[in-house]
Amino acid sequence: MTAPPPPVKPPPHPELLRQAAEQFGTPLYVHFEGTVRERCRALVDALGGLPVRVLYALKANATPALLRAVADEGLGFDAVSPGELALLAALGVGADRVLYTATSASDAELEAAAASGALLNLDDVERVEAFGRIAPGAEVCLRFNTGIGAGHHRHVVTGGKEAKFGIPMDRVGQVLGVAARHRLRVVGLHQHAGSGVADPADLWLAARALVEVAGGFPDLQFVNVGGGLGVPYRPGEAAVDLARLRTAVVERTLDGLAAAGHPDAEVWVEPGRYVVAESGVLVVRVHTLKPTADRVFAGTDSGFNQLLRPTLYDAYHALANLSNPDGPLRAYDVVGNVCESGDLFARQREVQELRRGDLLAVLDAGAYGVSMASTYNLRPLPAEVVVRPDGRPDLVRPRLTAVQLAAAVLGGDGPS
Ligand code: LLP
């Protein structure tokens, strides 16, 4: 008989979280740099000895202090917007470490990305044509939709017929013709099946679809099998098995490429969530406890403007009461201060008894937390603290006051 999962997940470094919240106020994102570095090393070690390049998809979390740590660990980057490219350049990341994965890109965006020196990853035949006009003779990577999708929610499935991404596989011949006409050298083939995949072996079928066409690309230097590695959000869930990524996806892809006439080709992977999800905690304060005939609503000083995942994807984030860790478990609807009923962190979730003023930790919020935050309802973005590997907390983004936020909105309009 297997043991039942623990009802609540223990928060990482609860004392540091409490101290940071008291010192810097809430709502507060706390990122542990040591965890980010540890995840980078786990990936590099798991794939060690193979011709592999690991890129970090910075859409998951672009907090500069963490990007510096990721760069320092030797990873490259997958960027998706001119803003991300500019940030990487400002951090001194060389363009040779950057893949630019464009979608619905304008000519101006393609020109700017090409001028940055990054390798472009294009996902539409006509955009390859446009890029050929902009940069004839350049190197390029092609993103395909292999027809195979995966992911934790339908919004994050990026392969298959409902996904807008990638060149359909039946267009391989056409895109080869376009590339040849502009002397584009197709050095990479790419796919990304989706996000939040629990078993990395599920990525093999999509990778195999690229291997099957690899023989037709004489200049091929790598196949990028995408990101998508899941993390254990729920108590008792197992961590992703990186040994399976190595054997079931990367080694098979390398073997397939060798058989297709590319014995020197590399495999690239580009996870986002895996690198940062577990390094981040959103610490909020409980301000109201509203019992109704049916349930108790626990109202916090944060909301879906600061962590959208529960609202957008029904995503599960473990909660832990930092102020009453040994309290009895009670069920709450944990909600925020945004004026919408969809503003919630969890429904009917058992958490250690909450009292007004308690600090509540929303765990595993490092990926797609702060990077998807907004100022909706004109509340400021949450402040951010990075806890350095030696335990020192650095406030890397202060919280704007209401007056500063209003001034930013007014911009050139100025107070009248
Ligand atoms: N590469 C490409 C081309 C991608 O589109 C993505 C994510 C990644 C890599 C990184 O995927 P990851 O390893 O993080 O699963 N906001 C959603 C996730 C959206 C993912 C979009 N693409 C969430 O909070 O679950």
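Below is a table of values for the structure above.
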| item | result |
| --- | --- |
| Residue check for V223: away from the ligand (no atom under 11 Å from the Cβ), crowded, with 22+ Cβ neighbours inside 10 Å and within 23 Å of A105 (Cβ to Cβ) | yes |
| Region 236-264 residues that are of a type in the set (S, T, Y), paired with ones that are surrounded by 15 or more Cβ atoms within 10 Å (Cβ to Cβ) (beta carbon under 7 Å, 6 or more apart) | T253/A207; T253/V211; T253/V223; T253/V225; T253/V267 |
| Total residues in region 157-174, condition modelled with pLDDT of 95 or more and among the basic types (K, R) | 1 |
| Filter result for the condition that a residue is over 19 Å from L210 (Cα atoms) and part of a loop (DSSP other than H, G, I, E, B), over R127, R133, R183 | R183 |
| All positions within region 157-172 that are among the small types (G, A, S) and more than 16 Å from V140 (Cα to Cα) | G159, G160, A163 |
| Residue match in region 167-184 (condition: within 25 Å of the chain's Cα centre (by Cα) and without any contact (Cβ under 8 Å) to a residue 40 or more places away in the chain) | yes |
| Tally of residues being under 16 Å from E266 (Cα atoms) and at pLDDT 95 or above across region 227-252 | 8 |
| Verdict on E111 being at pLDDT 95 or above and closer than 19 Å to P271 by Cβ | no |
| Output for region 368-405, where each listed residue is within 19 Å of E22 (Cβ to Cβ), crowded, with 19+ Cβ neighbours inside 10 Å and aliphatic (A, V, I, L, M) | A383, V385, V386, V387 |
| Candidate set: region 145-156, residues that are outside any helix (DSSP H, G or I) and near the ligand (Cβ under 10 Å from one of its atoms); chosen: the one surrounded by the most Cβ atoms within 10 Å (Cβ to Cβ) | A150 |
| Conditions (1) within 26 Å of the chain's Cα centre (by Cα); (2) in contact (Cβ under 8 Å) with a residue 12 or more places away in the chain: number failed by A86 | (2) |
| Pairs, first within 21 Å of P64 (Cα to Cα) and of a type in the set (F, W, Y) in region 267-285, second part of a strand (DSSP E or B) and within 13 Å of the ligand (Cβ to nearest atom), C-beta under 6 Å, six or more apart | Y274/L229 |
| Criterion (buried (at least 22 other Cβ atoms within 10 Å of the Cβ) and either of a type in the set (F, W, Y) or in contact (Cβ under 8 Å) with a residue 24 or more places away in the chain (or both)) met by exactly one of G132, G188 | G188 |
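Residue-by-condition table, conditions (1) more than 16 Å from the ligand (Cβ to nearest atom); (2) in contact with a strand residue (DSSP E or B) (Cβ under 7 Å, 6 or more places away or on another chain):
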| position | (1), (2) |
| --- | --- |
| V175 | yes, yes |
| L184 | yes, yes |
| V187 | yes, yes |
| G194 | no, yes |
| D202 | no, no |
| L210 | no, yes |
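For (1) within 30 Å of D72 (Cα to Cα); (2) in contact with a His (Cβ under 7 Å, 6 or more places away or on another chain), each residue gets a yes or a no:
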| residue | (1), (2) |
| --- | --- |
| D326 | no, no |
| V338 | no, no |
| F345 | no, yes |
| E350 | no, no |
| A361 | yes, no |
| R379 | no, no |
| G391 | yes, no |
| R397 | yes, no |
| T401 | no, no |
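The values are calculated or read from the model by the stated rules, or taken from the named source; none is laboratory data. Since the model is a prediction, treat every value here as computed from it, not as a measurement. Using ideal geometry, Cβ is built from the backbone for each residue, glycine included, and neighbour counts are taken over all protein chains shown.
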